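Here's the structure, in structure tokens; my notes come after.
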Amino acid sequence: MNAQCLSPLSFETLVAYWAGDLPEAETDAVDAHVIGCGPCASASERIAVITEAIRGSISPFITARQLDELRARGLRVEENPVRPGERAAVVFRRDVDLLVHRLGALDLSRAERVQVRVSSEETGDVMMESAAVPFDAAGGEVLIACQRHFSEMPPTVVFEVSVVEAGVAKLSATYVVPHIFESAR
């Protein structure tokens, strides 16, 4: 028997529910409806999978505020402060969810934008590039969020930071970070 819902919850309502954007009374109403409605429960489960996947994705370039929010969500974060020209080997331990490289000692006081290129030291292949990343002008740093699934990348990563001032990009600093990933289990 295929039960039908007489008042199906909209896609938008279910997305807002899983995003945590509904007022408490609406959240309670959705909870009550989904418990007793098979079709809406199925739709809710499908949307939950999508929203949780999106929620779990983290940009590789983050702000200090985003880092604080990730910690508040319960992520176990380890920081790796790195200075220009330094070769800073790091172990991504199994008990860490996110490894944040603090690329520091940058003069960003007049920066309009900051660009970052991430490449493999072994091959020179560019793995990632962004023409505009968040940066802390006062602190002189850029934060790179390294996630466990990055273990598929080459082990030694080169971060090149270019600062754009008066419309002109100039290479400001290079950081070399060899990674060792402990297995998750």
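Quick rundown of the values:
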quantity	calculated
Rg over Rh [alpha-carbon atoms, Kirkwood Rh] for the stretch 11-56	0.95
Range in the chain, longest, excluding exposed GluC sites (Glu not before Pro) [loop by DSSP; at most 13 other beta-carbon atoms within 10 Å]	1-111
Computed helical MRE - 222 nm, the chain, DSSP H runs ≥ 4 contributing -39500 (n - 2.57), nearest 500	-8500 deg cm²/dmol
In the stretch 28-98, trypsin sites (Lys or Arg not before Pro) in a DSSP loop with at most 10 other beta-carbon atoms within 10 Å	Arg73
Across the chain: Cys residues that no other cysteine approaches within a C-beta distance under 4.7 Å	Cys5, Cys146
For the stretch 117-185 and the stretch 55-103, distance of Cα centres in Å	12 Å
Percentage, to the nearest whole number, of Cα pairs in the chain over 27 Å apart	44 percent
Linear extension gain, Arg83 paired with Val126, 0.36 nm per residue minus alpha-carbon span	13.4 nm
Which of Val15, Val177 has the fewest Cβ neighbours within 10 Å, and the rest in rising order	Val15, Val177
FRET E, pair Arg93, Ser10, Förster distance 30 Å, beta-carbon r, rounded to 0.05	0.10
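Throughout, read-outs are computed from the coordinates displayed, never taken from laboratory work. The model shown is predicted, which means the values in this text are computed figures rather than measured ones. Heads up, the Cβs are rebuilt from the backbone with ideal geometry, glycines too, and the neighbour counts pull from every protein chain shown.
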